[in-house]
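The values are calculated or read from the model by the stated rules, or taken from the named source; none is laboratory data. Remember, it's a predicted structure, so these values are computed and weren't measured experimentally. All Cβ positions, glycine included, derive from the backbone under ideal geometry; neighbour counts span all protein chains shown. We work out accessible area using only protein heavy atoms, side chains counted, and drop any ligands, DNA or RNA first. Shrake-Rupley method; radii C 1.70, N 1.55, O 1.52, S 1.80 Å.
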Amino acid sequence: MLQINPDLSDLVTDAAAGLTGRLQTKATITAAAPGRVNLIGEHIDYCDGFVMPFAIDRYIVIAGCANGTTNARITSAISEEIATLDLTQPQEISEPKWANYLRGVIRGFQDRGHHIPGFDAYILSSIPGGAGLSSSAALECATATFLEGLLDTVLDTKEKALLCQKAEHDFAHVPCGIMDQFASAFGKPNRLVLIDCQTGEPELVPFENPDLTVLISNTMVHHELSDGGYAARRKHTEDGLAVLGKASWRDVSAADVQGNWEKLGDPVNRRSRHVVGEISRTISAAAALARNDFETLGPLMAASHDSLRDDFEVSCKELDIMVEIARKIGRNGGVIGTRMTGGGFGGSTVTLCESRKASEIAAALGAEYEKATRIKPQIFASRPSQGAHLVG
Ligand code: GLA
């Protein structure tokens, strides 16, 4: 039941072949950027909170080369379509839609005064789309890294991540926080990317215990609500902070929320309770993980899920079912903690478990979930991996 993660080197070979097959040219620049999974700290990256994601060993690879023209020709393994971009102009939102992520990143470079020469590119991904694993952030970071190769320049990693976040805001109209692009840009093997979203500083925290395995369970559902739902949640948190009269969520206590419950009104009061609780849970979880205190970590992940389900209302039936199955397997069955991960409204759960029981747990999750929903999930293990980089 456990899926095998495709090797990055195989993806690179396949992307080069794709480029030659589709655009009859040879790859001289290849960039790779990973997706991410978040262990805890959900929907608080835009609230000055802490988040604890890592870059997964699933990548978007862009293989390409300069083409001597003033146009970009971009295509992908997903569709035969070739997007042609006029690079003499500042990039704007256009058709096809999937190319907007690339346009947004190119625009970020153009705004910094870079002249982008014509290029050909082919995109290949091993990150399941719509699974809450940040394939869009990976596409942005892979594009930025590809452009670094093309221009023979290197951006500061934080600047690169922020440029990619702006592309997501302006060209995909998702008012996301900084977690996904930071995880994809800063990720390192055996390291979590613990981000203080108030200072915007990531800390690479060791995560190398071979006895621990992180399982990602893709429910294979993605509810339409997601587009407006994310922006609406972000707005609720902004409204909450305004009612509380504070400059930052870091200055708000649980007692502040409780004391202003009626004034905040529903649902802003529950959204606020989530933010304050999740910030405190993430700080505690980072400390618990550092001392291998799994008996503390598990309940924190459980409380995070419950809060996302009941107070923040970004879970869904399928995510709850997957989490319940893992909870039933429980500590005795090798499950340390489990919760939904990412923006929600579908997507994936993350389950921290004992490595020796990981295959058994994955099999049970797969079978029980399919029995309950008639949907075949996708379940794979992931280890913290190298962030965006040029290959070769
Ligand atoms: C999406 C956003 C992130 C973050 C998560 C929820 O992945 O892109 O910035 O807000 O949702 O934690």
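Within the group 199, 157, which residue is open to solvent by 30 Å² or more (accessible area, probe 1.4 Å), touching a helix residue (DSSP H, G or I) at 6+ places or on another chain (Cβ under 6 Å), more than 16 Å from the ligand (Cβ to nearest atom) and modelled with pLDDT of 95 or more? Let's see the steps before the verdict.
Numbers: 199 fails: touching a helix residue (DSSP H, G or I) at 6+ places or on another chain (Cβ under 6 Å).
Result: 157 is the single residue among 199, 157 that is open to solvent by 30 Å² or more (accessible area, probe 1.4 Å), touching a helix residue (DSSP H, G or I) at 6+ places or on another chain (Cβ under 6 Å), more than 16 Å from the ligand (Cβ to nearest atom) and modelled with pLDDT of 95 or more.
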Contacts under 8 angstrom Cβ, first residue in region 369-392 being within 28 Å of residue 202 (Cβ to Cβ), partner of a type in the set (Asp, Glu) and crowded, with 19+ Cβ neighbours inside 10 Å, 6 or more apart: 382/57; 383/57; 385/57; 390/148
Which of the residues spanning region 44-57 are in contact with a Pro (Cβ under 8 Å, 6 or more places away or on another chain) and open to solvent by 10 Å² or more (accessible area, probe 1.4 Å)? 46, 57
Scan region 230-265 for residues that are within 20 Å of the chain's Cα centre (by Cα) and farther than 14 Å from residue 347 by Cα and jot them down. 231, 232, 233, 234
Are any residues in region 299-354 in a loop (DSSP other than H, G, I, E, B), open to solvent by less than 10 Å² (accessible area, probe 1.4 Å) and among the hydroxyl-bearing types (Ser, Thr, Tyr), and if so, which ones? none
Quick test for you: out of 288, 302, pick the one residue that is within 25 Å of residue 229 (Cα to Cα) and of a type in the set (A, V, I, L, M, F, W, C). 302
Need pairs with beta-carbon distance below 8 Å; first residue assigned to a strand (DSSP E or B) and within region 18-44, second away from the ligand (no atom under 16 Å from the Cβ) and at pLDDT below 95; sequence gap 6+ or separate chains. 30/392
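Given the criteria at pLDDT 95 or above, part of a helix (DSSP H, G or I) and either β-branched (Val, Ile, Thr) or within 16 Å of the ligand (Cβ to nearest atom) (or both), does residue 181 qualify?
yes
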What number goes with the only condition from (1) in a helix (DSSP H, G or I); (2) within 16 Å of the ligand (Cβ to nearest atom); (3) open to solvent by less than 20 Å² (accessible area, probe 1.4 Å); (4) in contact with a helix residue (DSSP H, G or I) (Cβ under 9 Å, 6 or more places away or on another chain) that residue 219 does not pass? (1)
Given the conditions (1) surrounded by fewer than 17 Cβ atoms within 10 Å (Cβ to Cβ); (2) within 16 Å of the ligand (Cβ to nearest atom); (3) hydroxyl-bearing (Ser, Thr, Tyr), and given that residue 359 satisfies all but one, which numbered condition is not satisfied? (2)
